[in-house]
Every structure is written in C-alpha cells, then in structure tokens.
1. Quick check: the angle from helix 13-27's long axis to the longest principal axis of the chain, C-alpha only, nearest 10 degrees?
2. Got a sec? How would Thr11, Thr28 order by Cβ neighbour count within 10 Å, fewest to most?
3. Answer rounded, prolate or oblate for the chain, using the Cα gyration tensor with square roots of eigenvalues a ≥ b ≥ c: rounded when a/c is under 1.5, else prolate when a/b is larger than b/c, else oblate.
Amino acid sequence: MLNILNKNKHTSIKELILKIKEELDDFTSGTKQFDDETMILLEYKRKL
C-alpha cells in the first residue's frame, strides 16, 4: 500500500482509488473473494 501511495503522490483521489483497486485485483488474482471490499480515502488540504 505504501508503495502505491508513494508512486502516486500527485494523483487525484478518483484515480488513486482505481489504481489501488487495480493493484488489489492483481495481488489477489486467482483467489476467490470471500468478503466485501471497502476503501476510504481522505484528502488533507492544508491552509497556507
């Protein structure tokens, strides 16, 4: 997960969710899903 986040520091939240899902699907390929998947991403915007 950290590798995905570090490689995509400047990616939009919508694209990041898709990239994480894609990596998850690749990681679990061939394994039957037995539970739900839930993802929550928060974006922190600092006030300067």
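All of the numbers you see were taken from the coordinates with simple rules; none came from a lab. Here the structure is a predicted model, which is why all the values come from computation and not from measurement. Here the Cβ positions follow ideal geometry from the backbone for every residue, glycine too, while neighbour counts run over all protein chains shown.
1. Around 30 degrees separate the two axes.
2. Thr28, Thr11
3. Prolate, because a/c is 1.5 or more and a/b exceeds b/c.
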